[in-house]
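**Q** Below you'll find the structure I mean.
The values are calculated or read from the model by the stated rules, or taken from the named source; none is laboratory data. Quick caveat, the model's predicted, so the values are computed rather than measured. Positions of Cβ are backbone-derived with ideal geometry, glycine not excepted, and every protein chain shown enters the neighbour counts.
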Amino acid sequence: MVSVAGLASEAPSQAPSVGGVEADIIRWTVRTTSQPEDAAGWVRLGDALMQRSRERMNAALYDGAETAYRKALAADSGMVQAKVGLAWVANTRHDFAAGRRWCKEALAMQPAMPEAHALLGDAAVELGDYDEALDHYQSALDLRPDLSSYARAAHALWLTGDSRRAQALMHRAIQAGGPHAENTAWCRAELARMMFQEGALLPAEKQVEQALREAPQNPQVLAMSARLLAAKKDYRGAIAAYEKALAVTPQHIPMAALVDLYRLEGDVERSRAMAARLIAFHESNGHSHTHGAAAAEVSHHHGNAELARFLADEGKDLDRALAEAEACYQEFRNVGVLDTLAWCHYRKGQYSEAARWIRRALRWNTPDAMLLYHAGMIHAALGDAVAGRKYLYQALSLNPRFDPVHAAAASTKLAELSPVRAVDHAAVTAAP
């Protein structure tokens, strides 16, 4: 048995060979058209559509997947995999109440269902209940240690401050492999993100290089490649990679990064145009799904923390930014939302409130330089130079190149608070 808290020594056997998801969609569409009572075929079609939506971050496929799973249940009310599929769709839409309901129905029929435990863990992560998430992920690992359960547990461990075991589990996920190349590439991008957060740029680059060979059109892999290029101050290369990711599908992370990168390259008009495009994107789309400590975007009904973070960073429409973050917090109390709420209060000059929220975000010890940077800026604004200096130093020690704009701001503020200590960080940040 593999433990989230303590790793076993043996990796799982290799998964089935990689196949094309487009071929799967065609195959199961033909099958269900000719055999509409084939419940298993409808489930396979739903799974293929969800896999494709994952690879291309295409929310338009959710409706088709939901229809397929519901047709499976219509053909066979006891098809437990269809209930799990509906939970997958609901979670991806951030309707976690429905996702939990479907998972519990599935587990009532088949208690040894690792997918249901994994999806319950996903809901708990987004809602900020990391203890519950780890319990569900442990159950999934006990039942079936594979790419999916390893990767999920790794993400939860990273969020709760255990980066060493998180990276070890993500290595296991990669070794386990999956039925689709994109799944392994996604894990490599996640491992690269963890490495990047610790300033390990070269190992992160190696993971991304392999991920690009496995899935050259995957938006998350392209975005991680761009992030590493930006860290090396190759802004033109980073812009090209982010633009390539956007060409696959519109998404928040490349748009927000391009606003900064265009500005750094002196192209103010393109920066403004991208900012307008980002805001329009959020106003016209209900939800998206991302990962990491800053993975906080949810449907507009619950507030939109990614939009709130962007507005706060830009110093624009701060009342709206705070309102979005506060609405999001009503349901999604994860690290990313807490951090965003703190940052919005800071940008509005409400430093005591900001400190209250950042303390709650910090208690999980998530190794995120941006989170530590926010904590440093907030405490510095309160006049607490000791705490401000501590958190800014931690952010820059973790990764002196964590962001093209904010890393420089962190170094400048640290120089103001402690000039002697800040010299080395300024030099590191400016290094080629």
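**Q** What helices (runs of 4 or more DSSP H), lying completely within the stretch 317-392, carry at least 1 residues that are within 24 Å of residue 124 (Cα to Cα), free of Cβ contacts under 8 Å to residues at least 12 places away in the same chain and in contact with a helix residue (DSSP H, G or I) (Cβ under 9 Å, 6 or more places away or on another chain)?
**A** 351-362
**Q** Turning to a different aspect of this structure: Could you list, in sequence order, all residues of the stretch 138-152 that are free of Cβ contacts under 8 Å to residues at least 60 places away in the same chain, among the charged types (D, E, K, R) and either within 29 Å of residue 199 (Cβ to Cβ) or assigned to a helix (DSSP H, G or I) (or both)?
**A** Listed by number, the list holds a single entry, 152.
**Q** Please specify each residue of the stretch 167-226 satisfying the condition of being assigned to a loop (DSSP other than H, G, I, E, B) and either within 15 Å of the chain's Cα centre (by Cα) or over 19 Å from residue 367 (Cβ atoms) (or both).
**A** If the condition is that a residue be assigned to a loop (DSSP other than H, G, I, E, B) and either within 15 Å of the chain's Cα centre (by Cα) or over 19 Å from residue 367 (Cβ atoms) (or both), then 177, 178, 179, 180, 215, 216, 217, 218 are the ones that fit.
**Q** Going through 122, 135 one at a time, which residue ends up being assigned to a helix (DSSP H, G or I) and either farther than 18 Å from residue 81 by Cβ or of a type in the set (Val, Ile, Thr) (or both)?
**A** On inspection, the qualifying residue turns out to be 135.
**Q** Right, another one. Condition first: of a type in the set (S, T, N, Q) and out of contact with any His (no Cβ under 9 Å at 6 or more places or on another chain). Now tell me which residues in the stretch 341-383 satisfy that.
**A** Selection gives 350, 365, 366.
**Q** Working carefully through the options 155, 117, find the one that is in a helix (DSSP H, G or I), over 18 Å from residue 190 (Cβ atoms) and under 20 Å from the mean Cα position of the chain (by Cα).
**A** 117
**Q** Another question about this same structure. Of (1) within 28 Å of residue 330 (Cα to Cα); (2) surrounded by 22 or more Cβ atoms within 10 Å (Cβ to Cβ); (3) within 19 Å of the chain's Cα centre (by Cα); (4) hydrophobic (A, V, I, L, M, F, W, C), residue 106 satisfies all except one. Which?
**A** (3)
**Q** On to the next question. State the number of residues belonging to the stretch 152-184 that are on the phi > 0 side of the Ramachandran plot and at pLDDT below 95.
**A** Residues meeting the conditions: 1.
**Q** Check 47, 95, 122 and return the single one that is surrounded by 22 or more Cβ atoms within 10 Å (Cβ to Cβ), charged (D, E, K, R) and under 20 Å from the mean Cα position of the chain (by Cα).
**A** 122
**Q** Right, residue 191: among the aliphatic types (A, V, I, L, M), touching a Pro at 6+ places or on another chain (Cβ under 9 Å) and under 20 Å from residue 150 (Cα atoms) or not?
**A** Judged against the criteria, residue 191 is a match.
**Q** Where residues in the stretch 229-238 are in a helix (DSSP H, G or I) and out of contact with any Lys or Arg (no Cβ under 9 Å at 6 or more places or on another chain), which of them is surrounded by the most Cβ atoms within 10 Å (Cβ to Cβ)?
**A** Initial filter on the stretch 229-238 (in a helix (DSSP H, G or I)): 229-231, 235-238.
With out of contact with any Lys or Arg (no Cβ under 9 Å at 6 or more places or on another chain) added as a condition, the list becomes 235-237.
Working: 235: 17, 236: 11, 237: 15.
Filtering first and then ranking leaves 235.
**Q** Pairs needed: first member in the stretch 70-93, in contact (Cβ under 8 Å) with a residue 60 or more places away in the chain; second member anywhere, surrounded by fewer than 22 Cβ atoms within 10 Å (Cβ to Cβ) and among the aromatic types (Phe, Trp, Tyr); C-beta distance under 7 Å; at least 6 residues apart or different chains.
**A** Qualifying pairs under 7 Å: 92/62; 93/62.
**Q** If a residue must be outside any loop (DSSP other than H, G, I, E, B), over 20 Å from residue 62 (Cβ atoms) and polar (S, T, N, Q), how many such residues does the stretch 22-37 contain?
**A** Residues in the stretch 22-37 being outside any loop (DSSP other than H, G, I, E, B), over 20 Å from residue 62 (Cβ atoms) and polar (S, T, N, Q): 2 in total.
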